[in-house]
Amino acid sequence: MRLRRRTGRVMDRDDRGGGWAPVADAPQDAGPDGDHVIDWRNSLAAKRAPTRGTPQHELLRIREDISTRWRATLIATGLVLLAGLWLFMATGSSSDLLVPSPSETWGGAMRLYDDGVLFGDIWASVRRILFGYAISMAIAVVLGILMGSFRSADSLFESPIAFMRYIPATALVPLMLFWLGIDELPKITLIVIGSVFFNILMVADVARNVPKELINAAYTLGAGRLKVLRRVVLPHSLPGIIDVARINLAAAWAILVVAELLAAEEGLAFRIARAQRFRQIDEMFALLIIFGIIGIITDLSLRWLRNRSAPWARA
Amino acid sequence: MSHGTVILRPEKLEVHGIVKRFPGGRRRPEVTAVDGIDLTVRSGELVCIVGASGCGKSTLLNIIGGLESPTEGLVAVDGERVIGPGPDRGMIFQGYSLFPWKTVAQNIAFGLEELGWPREKRRERVAELVGVMGLEAWADRIPKELSGGMRQRVAIARALAPEPDVMLLDEPFGALDAQTKRVMQDHLLEVWRTTGATILMVTHDVEEAVYLASRVYVLTSHPGRVAAEVPVPFAPGDRVPALKRDPAFLDLRDQVQDLLLDQVRL
């Protein structure tokens, strides 16, 4: 069987293998009344022809987008899996664990609400994080920009910060309670200590990544060093700084929980410790889920803020 | 004039005996990037420096811009010694180096703000340059929405805005495709003719150098020295695309190319 490619060349089966070879003596512009000519692209032969290259499934391509439908399906699957695991553990009779069902957990949450402590606890914890983390980020932005911009500042601060960073902040909880009492001050101090060193070093990295050419361009346009920091380094670092804040926020929550477990009169973790004392596992579960919800909300808002404040840096 | 006083007026830009050595370290020898370069650019002149890679041409331009300091030697603009960067020496880099969070108009206005121009004057100057560069439709876009040629036009406008004494161009068209590059060359010539700017440009493209410059400095490599100073005789009005097919042009281009080829070491 012969067929004609779109290029006009007439092809026939290669007698050596299964491939196709051009036919040398065929009239190259033969019409329908010459050789048997069929359209290569639509022919059954084309479908059966040998192939080249390896096809990749849409879901298994490295760093390629997937369709919105697949994305939504997979996100929903992830959530269903998590919920399914919870249900399985709550109902599975084989389990020795006491896992409250979703409705029991909801009941626990409602009991906390009816006791009038739920929003007080949420606000107490969130307030501590807001204060402590704002102080931490303020210190980190100033020191980090300095360290990322000046080798001198980097040399001066890097070793002490690296040293402090390796002291687990949780190990400082007893000391801070001893020094600062059981008020708000030790908790806010602990949030600062628990996050500021990571924040400083990561902001410094962000500032170091400001292209030297942009700084040079600003110099040749008449900007002094302070102006370069304010008008070039800071705006270029802004999206990165928001990302740093987003990533290290979890560390701030972790240290706050430890502080509240040991000494507090309100707060989400304090309430968890209390629920444990009274064996109210449903309340503990409700409080854990509230942590997760707060985390997701702040994460999404900071992502939104980053994209909003620096649309130029969006991928 | 037998008893008059002869005053030697300084050239617009003078570079005297610039040496740049990068100190070595353990297992790393000292490197001399630039070894005694002299050159001058007169007011309103467009001069090109050509050299193979490793001739220290970017280092030299950074020294003139005041971004690096020379190991030895002196740079002067209008007879004043350069000791740091300043808006009197506008620089244009191969990578455009536009501020990505600023619009085209804001990028162009950056230097004017630093000089403390009042808002109204700033707006006029930006509008003027946007017109000169043909960027009217793009004034409120940010750099990532622009093509390479557009970005380099913005960079030129931004450097021109504070009316610098000298413009220093570091392979400005090196990242552009061949067609855009030719358009930009003619555009640069037009800007140069209309503004009367003094321009010193570094390039590795010999044809570009001969097409644009009234004098071409050919640099040696490893270390960079001036191998030759080649005057280009074509009048400013002759510098149109057809010139690139003129036998006299091709001849001169080949001469410079040969000078440069002698310097290439692999």
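A few comments on the model shown:
- Restricting the first member to segment A:294-307 and to residues that are farther than 12 Å from residue A:247 by Cβ, and the second to residues that are basic (Lys, Arg), the beta-carbon pairs closer than 7 Å and six or more apart or on different chains are A:307/A:314.
- Every residue from segment B:135-151 that is surrounded by fewer than 20 Cβ atoms within 10 Å (Cβ to Cβ), within 11 Å of chain A (Cβ to nearest Cβ) and not hydrophobic (A, V, I, L, M, F, W, C): B:141, B:144, B:145
- Only one entry in B:176, B:168 is in a loop (DSSP other than H, G, I, E, B) and under 20 Å from residue B:49 (Cβ atoms), namely B:176.
- Comparison of A:155, A:125 shows that the only residue that is assigned to a helix (DSSP H, G or I), polar (S, T, N, Q) and crowded, with 16+ Cβ neighbours inside 10 Å is A:125.
- When we screen A:137, A:147 for residues that are touching a residue at least 24 places away in the same chain (Cβ under 8 Å), surrounded by 17 or more Cβ atoms within 10 Å (Cβ to Cβ) and under 23 Å from residue A:298 (Cβ atoms), the only hit is A:137.
- Residue A:154 touching a residue at least 40 places away in the same chain (Cβ under 8 Å), under 30 Å from residue A:232 (Cα atoms) and of a type in the set (D, E, K, R): yes
- Candidates B:149, B:196, B:174 - the one that is farther than 24 Å from residue B:260 by Cα, out of contact with any Ser or Thr (no Cβ under 6 Å at 6 or more places or on another chain) and either touching a residue at least 60 places away in the same chain (Cβ under 8 Å) or among the small types (Gly, Ala, Ser) (or both): B:196
- Just one residue in the set B:154, B:132 is farther than 30 Å from residue B:38 by Cα, surrounded by fewer than 18 Cβ atoms within 10 Å (Cβ to Cβ), hydrophobic (A, V, I, L, M, F, W, C) and out of contact with any Gly (no Cβ under 8 Å at 6 or more places or on another chain); that residue is B:132.
- Restricting segment B:80-96 to residues that are more than 7 Å from every other protein chain (Cβ to nearest Cβ) and over 17 Å from residue B:113 (Cα atoms), the residue that is surrounded by the most Cβ atoms within 10 Å (Cβ to Cβ): B:92
- Which listed residue, of A:168, A:186, A:235, is of a type outside the set (S, T, N, Q), assigned by TED's automatic domain parsing to the domain that holds residue A:270 and surrounded by fewer than 16 Cβ atoms within 10 Å (Cβ to Cβ): A:168
- In segment A:167-187, the residues that are of a type outside the set (A, V, I, L, M, F, W, C) form Cβ pairs under 8 Å with partners that are exposed (fewer than 12 other Cβ atoms within 10 Å of the Cβ), at six or more places apart or across chains, as follows: A:186/A:179.
- Scanning segment B:97-121 for residues that are more than 11 Å from residue B:154 (Cβ to Cβ) and either free of Cβ contacts under 8 Å to residues at least 24 places away in the same chain or more than 7 Å from chain A (Cβ to nearest Cβ) (or both) yields a total of 9.
- Residue list for segment B:41-88, restricted to those being under 11 Å from residue B:20 (Cα atoms), among the small types (Gly, Ala, Ser) and in contact (Cβ under 8 Å) with a residue 24 or more places away in the chain: B:56, B:73
- Taking first residues from segment B:218-245 that are in contact (Cβ under 8 Å) with a residue 60 or more places away in the chain and in the same structural domain as residue B:40 (by TED's automatic domain parsing) and partners that are in a strand (DSSP E or B) and among the hydroxyl-bearing types (Ser, Thr, Tyr), the Cβ contacts under 9 Å between residues at least 6 apart in sequence or on separate chains come to B:222/B:32; B:223/B:32; B:224/B:32; B:226/B:217; B:229/B:217.
- Residues satisfying the stated conditions in segment B:101-144, i.e. of a type in the set (Gly, Ala, Ser) and part of a helix (DSSP H, G or I): B:105, B:109, B:111, B:127, B:131, B:137
- Selection within segment B:211-241 - charged (D, E, K, R) and in a loop (DSSP other than H, G, I, E, B): B:225, B:239
- Entirely in segment A:196-315, the helices (runs of 4 or more DSSP H) that have 1 or more residues that are within 14 Å of another protein chain (Cβ to nearest Cβ): A:212-220, A:225-228, A:234-262, A:281-309
- Evaluation of residue B:198 against (1) closer than 25 Å to residue B:244 by Cα; (2) within 14 Å of chain A (Cβ to nearest Cβ) (one fails), failing number: (2)
- Segment A:278-309 - residue that is charged (D, E, K, R) and either more than 15 Å from residue A:111 (Cβ to Cβ) or in contact with an Asp or Glu (Cβ under 8 Å, 6 or more places away or on another chain) (or both) and, of those, surrounded by the fewest Cβ atoms within 10 Å (Cβ to Cβ): A:308
- Exactly one residue among B:64, B:83, B:37 is under 14 Å from the mean Cα position of the chain (by Cα) and either among the aliphatic types (A, V, I, L, M) or over 23 Å from residue B:157 (Cα atoms) (or both), and that residue is B:64.
The values are calculated or read from the model by the stated rules, or taken from the named source; none is laboratory data. If you're wondering where the values come from, they're calculated on a predicted model, not measured in any experiment. Heads up, the Cβs are rebuilt from the backbone with ideal geometry, glycines too, and the neighbour counts pull from every protein chain shown.
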